[in-house]
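**Student:** Before I ask anything, here is the structure I am working with.
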Amino acid sequence: MQIYKVGGAVRDRLLGKPVTDIDWVVVGATTEDMLAKGFRPVGADFPVFLHPKSGEEYALARTERKSGRGYGGFTFHASPEVTLEEDLIRRDLTINAMAEDDQQNLTDPYHGQRDLKARLLRHVSPAFAEDPLRVLRVARFAARYAKLGFTVAPETLELMRQLSESGELEALTAERSWKEISRALLEDQPQVFIEVLRECGALKVLMPEVDALFGVPQPEAHHPEVDTGVHTLSVLEQAALHQQPLTVRWASLLHDLGKGLTPEEEWPRHIAHEHKGLKLIKAVNERFKAPKDCQELALLVGQYHTHGHRALELKPSTLLELLQSFDVYRRPQRFEEFIAACEMDARGRKGLEQRSYPQADYLRGAASAARSVAVQPLLEKGFKGPELGEAIKRERLKALKAYKEQA
Ligand code: CTP
């Protein structure tokens, strides 16, 4: 048997990037050969094995053919006769379809090196279309390598467009899609992921609520970029520049969905968009089964981001409601993430990227004022049950009034 390093490990070594996990392909072997060498099978009927020591993935060289919709609809053929070239041709991108032996000799039948030099994400063959997840993968690679100057080859974009129009994307499971989306959002330039999906028509299928924001104007006084879609991409860009966590990036992407529902006669104003957007945010959250912390933050940011911007003008009673909604006493971290998302929203506007955001410290101060109310003296006064709750709220309100006066 011959063993080759394949895929991302080869690509990233040639790009001079750190290699994290290594995938191997094994040519000229049977399942029995692998088991005899102590490899552990990954699934009952999939020709992928884990190395007994390193735990790295070793796959038998295989050909694949699509037999139905979605990812389940695959038949594959793994046998010792399948050649390295046959295995490489079923892969997604030329830059991912190179193999290397233990002497670092490269096998590159589909010109991955040429495309690395040309900074092109190009599909290997029409077999690309056999896995619709690849539309998301290419957009994710575009986001990751944008700063190196990579773009999607026009013919690959065209194939992605056809796949998006074919209805194939609807067959993707929430889990597979979310894995790509979350990884893409954590890249350096997550806005490129959304741009590429939009360009090939996949955004309209996957997140029509986000796609609908492009072409929707906002008042120029607050939003020099005017277009709500452009603004959303800038907010995401800021979130990445400021190294915000996934929760904040997800909330950044979804915070303004309500603006896509405004009747044209009301443009460029978006009255109550915060509230109107909630059902859309909920729908996107559920479509991809986003983790609970992402879902929660997106909904809270959607509902309260304009409160964040107006923090300094809010009445103490409104400030208290805001803090209560976030349960800032038990969930301080979530409130910090809300503040961060508001700040990214404020900076994700053309020419205002460097603006200061005094609301952030003001909100932090308000949270600590409310949190400083001690419960023990109220218990000592004999408050119990719902009355205790009311008494705590009254004290917190007092603390917030004092805070606002001295601020
Ligand atoms: N691959 C593919 N189509 C997919 C998934 C994977 O063709 N839908 C192939 C590609 O050759 C890819 C390899 O399998 O390089 C390994 O896939 P994976 O580990 O998911 O990605 P990497 O390319 O290693 O990229 P990353 O750095 O994102 O892990």
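**Student:** Look through region 226-249, keep the residues that are buried (at least 19 other Cβ atoms within 10 Å of the Cβ) and among the charged types (D, E, K, R), and return whichever of them is nearest to the chain's Cα centre (by Cα).
**Tutor:** If we take residues in region 226-249 being buried (at least 19 other Cβ atoms within 10 Å of the Cβ) and among the charged types (D, E, K, R), then Arg249 is nearest to the chain's Cα centre (by Cα).
**Student:** Moving to a separate point now. In this structure, is Trp250 in contact with a strand residue (DSSP E or B) (Cβ under 7 Å, 6 or more places away or on another chain) and either within 22 Å of Pro358 (Cα to Cα) or of a type outside the set (A, V, I, L, M) (or both)? Quick ask: steps written out before the conclusion?
**Tutor:** Values: in contact with a strand residue (DSSP E or B) (Cβ under 7 Å, 6 or more places away or on another chain): no; either within 22 Å of Pro358 (Cα to Cα) or of a type outside the set (A, V, I, L, M) (or both): yes.
So Trp250 does not fit the description; no.
**Student:** As an exercise: evaluate Leu378 against (1) free of Cβ contacts under 8 Å to residues at least 24 places away in the same chain; (2) crowded, with 20+ Cβ neighbours inside 10 Å and give the number of the one condition it does not meet.
**Tutor:** (2)
**Student:** Right, another one. Can you say whether Glu85 is in the same structural domain as Arg198 (by TED's automatic domain parsing), out of contact with any helix residue (DSSP H, G or I) (no Cβ under 7 Å at 6 or more places or on another chain) and either of a type in the set (Asp, Glu) or within 15 Å of the ligand (Cβ to nearest atom) (or both), as far as the supplied structure shows?
**Tutor:** no
**Student:** Mind checking which residues of region 264-290 are touching a residue at least 12 places away in the same chain (Cβ under 8 Å) and out of contact with any helix residue (DSSP H, G or I) (no Cβ under 8 Å at 6 or more places or on another chain)? Spell out how you get there, then give the answer.
**Tutor:** Looking only at region 264-290, we keep the residues that are touching a residue at least 12 places away in the same chain (Cβ under 8 Å), and these are 267-270, 272-278, 280-285, 287-290.
Hits for region 264-290 are Trp267, Pro268, Arg269.
**Student:** Then there is this: Buried (at least 19 other Cβ atoms within 10 Å of the Cβ), in the same structural domain as Tyr145 (by TED's automatic domain parsing) and of a type in the set (D, E, K, R): is that true of Arg134 in this structure? Before the answer, list the steps.
**Tutor:** Values: buried (at least 19 other Cβ atoms within 10 Å of the Cβ): yes; in the same structural domain as Tyr145 (by TED's automatic domain parsing): yes; of a type in the set (D, E, K, R): yes.
Here the answer is yes, as Arg134 does meet what is asked.
**Student:** Could I ask something else about it? Between Thr30, Thr63, Thr20, which is within 13 Å of the ligand (Cβ to nearest atom) and surrounded by 15 or more Cβ atoms within 10 Å (Cβ to Cβ)? Outline the logic, then answer.
**Tutor:** On the way: Thr30 fails: within 13 Å of the ligand (Cβ to nearest atom); Thr20 fails: surrounded by 15 or more Cβ atoms within 10 Å (Cβ to Cβ).
After applying the criteria, what remains is Thr63.
The values are calculated or read from the model by the stated rules, or taken from the named source; none is laboratory data. Model, not experiment: these values are computed from the prediction. Glycine gets a Cβ as well: all are built from the backbone with ideal geometry, and neighbour counts include every protein chain shown.
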